[in-house]
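Enquirer: This is the structure I want to talk about, given as structure tokens.
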């Protein structure tokens, strides 16, 4: 049986992480998120985890070589499919990942990119309305508001706007995303393996559209 690989893309606030998680639960495919991989290695106290931890503690990006080692190790797991969330982020990482695919995957395995498309105006509206708590809880003033304004439902702490949810930072994050993702999405478009999803719908509707398009391609 061939393996299926879906690589999620989308601007900040597109909800691609939520959709990747929903697809993983629906299909039992293995979700590969670099953040999850980093945390697991650190928690397990592995040699790789210690190396990763040093970079994260110093506030630095984990080198691509280390990240790729974790991704390649994950691809050895027995499953009928993989879902990538947050990797690759740029053309260099894409080339590295494709090299791993050539080494690890069989000819009948299928890889597709899936873009959750959301306009800049919607992204800015979504992120500017997000509120966080020091305990880790996250709210949205429209879609998931706290019971009491400005107060966390869980711990009673004061809610705040994260720095990366402020207007100037959101604009920078969007510019960075478009600059880095364009060449990656162009590659998958040319391969005829780019699935575009309308991301300005309710979460359930987005999931339904994803499943419908994957079924048409006989991926699920």
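Enquirer: Quickly run through the stretch 97-114 and pick out the residues that are surrounded by 18 or more Cβ atoms within 10 Å (Cβ to Cβ) and touching a helix residue (DSSP H, G or I) at 6+ places or on another chain (Cβ under 6 Å).
Expert: Answer for the stretch 97-114, where residues must be surrounded by 18 or more Cβ atoms within 10 Å (Cβ to Cβ) and touching a helix residue (DSSP H, G or I) at 6+ places or on another chain (Cβ under 6 Å): just 113.
This table checks each residue for (1) surrounded by fewer than 20 Cβ atoms within 10 Å (Cβ to Cβ); (2) free of Cβ contacts under 8 Å to residues at least 60 places away in the same chain; (3) not in a strand (DSSP E or B).
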{"site": "6", "(1), (2), (3)": "no, no, no"}
{"site": "13", "(1), (2), (3)": "no, no, yes"}
{"site": "20", "(1), (2), (3)": "no, no, yes"}
{"site": "25", "(1), (2), (3)": "yes, yes, yes"}
{"site": "36", "(1), (2), (3)": "yes, yes, yes"}
{"site": "40", "(1), (2), (3)": "yes, yes, yes"}
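Conditions (1) within 25 Å of residue 178 (Cβ to Cβ); (2) modelled with pLDDT of 95 or more, marked per residue:
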| residue | (1), (2) |
| --- | --- |
| 3 | no, no |
| 19 | yes, yes |
| 23 | yes, yes |
| 28 | no, no |
| 37 | no, no |
| 42 | no, no |
| 45 | no, no |
| 61 | yes, no |
| 70 | no, no |
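Enquirer: So how many residues does the stretch 42-85 have that are in contact (Cβ under 8 Å) with a residue 60 or more places away in the chain and either in a strand (DSSP E or B) or surrounded by fewer than 12 Cβ atoms within 10 Å (Cβ to Cβ) (or both)?
Expert: Looking only at that region, the number is 5.
Enquirer: With the checklist (1) touching a residue at least 40 places away in the same chain (Cβ under 8 Å); (2) under 29 Å from residue 28 (Cβ atoms); (3) crowded, with 16+ Cβ neighbours inside 10 Å in hand, flag the one item residue 217 doesn't pass.
Expert: (3)
Enquirer: Find the residue count for the stretch 188-220, including only residues that are in contact with a strand residue (DSSP E or B) (Cβ under 8 Å, 6 or more places away or on another chain) and more than 19 Å from residue 13 (Cβ to Cβ).
Expert: 9
Enquirer: Taking residue 175, is it out of contact with any strand residue (DSSP E or B) (no Cβ under 6 Å at 6 or more places or on another chain), closer than 14 Å to residue 14 by Cβ and surrounded by fewer than 16 Cβ atoms within 10 Å (Cβ to Cβ)? Explain how you work it out, then say what you get.
Expert: On the way: out of contact with any strand residue (DSSP E or B) (no Cβ under 6 Å at 6 or more places or on another chain): yes; closer than 14 Å to residue 14 by Cβ: no; surrounded by fewer than 16 Cβ atoms within 10 Å (Cβ to Cβ): yes.
Answer is no for this residue.
The values are calculated or read from the model by the stated rules, or taken from the named source; none is laboratory data. A quick note: this is a predicted structure, and the numbers were derived from the prediction, not measured. Cβ sites come from the backbone with ideal geometry, for glycine too, and all protein chains shown count toward neighbours.
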